[in-house]
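K.L.:
Take this structure, written in structure tokens, and hold onto it; I'll ask about it next.
The values are calculated or read from the model by the stated rules, or taken from the named source; none is laboratory data. Just so it is clear, the model here is predicted, and its values are computed rather than measured. As a convention, Cβ positions derive from the backbone with ideal geometry for all residues, glycine included, and neighbour counts pool all protein chains shown. Note: areas computed on protein heavy atoms with side chains; ligands, DNA, RNA excluded. Shrake-Rupley method; radii C 1.70, N 1.55, O 1.52, S 1.80 Å.
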Amino acid sequence: MVPKPGGEGHSRLAHPVKGIRFSPYAFLDRKANVSFAPAALPAALRDARKRVWGTYDGSGAPIRLTFAEYYQHFVYDRDFATATEISYNEPVARGNTRDNAFEEYPNAIIVEYHMPGARPEREGMDWASLRLVFEQHQATWYLVHVIHDQWTI
């Protein structure tokens with residue numbers, strides 16, 4: 001189940017202690033990734049403050065966006081609820097960015113929603129995946145990280 005845009009759905013799933021971190025690409029970086037506590041998520045989409053979420057692939061320029069802009073570009077840039085491939089703890093797609101999710105979360109469950117490339121001129125390189133990372137806390141599984149992945153340069 002991929003939560004639709006709107007912080008309320010995410011706040012119910014958010015880890016009560018760790019909150020939810022967001023990564024624009026497969027490599028997770030604790031220093032660069034932005035994190036939200038569960039209580040902050042419902043208001044996040046309305047927050048006009050721009051944050052630095054990491055750097056853009058290719059240019060290295062800072063990804064400076066509001067949460068709503070980030071969500072549109074790096075979380076729900078495709079309708080992942082209709083993903084044609086869904087995997088559990090087994091990556092479907094791999095780009096050339098190192099995926100260190102299981103190093104960061106060795107006891108996690110990672111669900112990947114994958115959308116294959118759709119434009120023939122891109123030869124499949126326009127694929128995208130959304131990975132949801134869950135960790136257990138007091139016998140309940142909670143969302144701790146939302147990872148967007150795509151082909152990178």
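K.L.:
Inspect segment 20-32 for any residue being touching a Phe, Trp or Tyr at 6+ places or on another chain (Cβ under 8 Å), within 20 Å of Asp99 (Cα to Cα), without any contact (Cβ under 8 Å) to a residue 60 or more places away in the chain and not in a loop (DSSP other than H, G, I, E, B) and give the result as yes or no.
P.N.:
Looking through segment 20-32, none of the residues is touching a Phe, Trp or Tyr at 6+ places or on another chain (Cβ under 8 Å), within 20 Å of Asp99 (Cα to Cα), without any contact (Cβ under 8 Å) to a residue 60 or more places away in the chain and not in a loop (DSSP other than H, G, I, E, B).
K.L.:
Quick check: is even one residue across segment 91-110 in a loop (DSSP other than H, G, I, E, B), within 21 Å of Phe134 (Cα to Cα) and aromatic (Phe, Trp, Tyr)?
P.N.:
Among the residues of segment 91-110, at least one is in a loop (DSSP other than H, G, I, E, B), within 21 Å of Phe134 (Cα to Cα) and aromatic (Phe, Trp, Tyr), which makes the answer yes.
K.L.:
In contact with a Lys or Arg (Cβ under 9 Å, 6 or more places away or on another chain), open to solvent by less than 50 Å² (accessible area, probe 1.4 Å) and not hydrophobic (A, V, I, L, M, F, W, C): is that true of Tyr71 in this structure?
P.N.:
Answer is no for this residue.
K.L.:
Considering only segment 21-42, how many residues are open to solvent by 50 Å² or more (accessible area, probe 1.4 Å) and either among the hydrophobic types (A, V, I, L, M, F, W, C) or closer than 21 Å to Tyr142 by Cα (or both)?
P.N.:
6
K.L.:
Looking at Ser35, Ser129, can you tell me which residue is in a strand (DSSP E or B), at pLDDT below 95 and over 21 Å from Gly19 (Cβ atoms)?
P.N.:
Numbers: Ser35 fails: over 21 Å from Gly19 (Cβ atoms).
Being in a strand (DSSP E or B), at pLDDT below 95 and over 21 Å from Gly19 (Cβ atoms) holds for just one of Ser35, Ser129, which is Ser129.
K.L.:
Picking from Ala139, Ala83, Ala101, which residue would you name as being open to solvent by 60 Å² or more (accessible area, probe 1.4 Å) and out of contact with any helix residue (DSSP H, G or I) (no Cβ under 9 Å at 6 or more places or on another chain)?
P.N.:
Only one candidate passes the filter, namely Ala139.
K.L.:
If I ask for residues that are under 16 Å from Gly117 (Cβ atoms) and in contact (Cβ under 8 Å) with a residue 60 or more places away in the chain, which ones from segment 77-93 would you list?
P.N.:
Selection gives Asp77, Phe80, Ala83.
K.L.:
Part of a helix (DSSP H, G or I), touching a residue at least 12 places away in the same chain (Cβ under 8 Å) and within 14 Å of the chain's Cα centre (by Cα) - does that describe any residue in segment 39-55?
P.N.:
Residues of segment 39-55 that are part of a helix (DSSP H, G or I), as a first pass: 39-44.
Then drop every residue that is not touching a residue at least 12 places away in the same chain (Cβ under 8 Å), which leaves 39-44.
Keeping just the survivors that are within 14 Å of the chain's Cα centre (by Cα) gives none.
Scanning segment 39-55, I find no residue that is part of a helix (DSSP H, G or I), touching a residue at least 12 places away in the same chain (Cβ under 8 Å) and within 14 Å of the chain's Cα centre (by Cα), so the answer is no.
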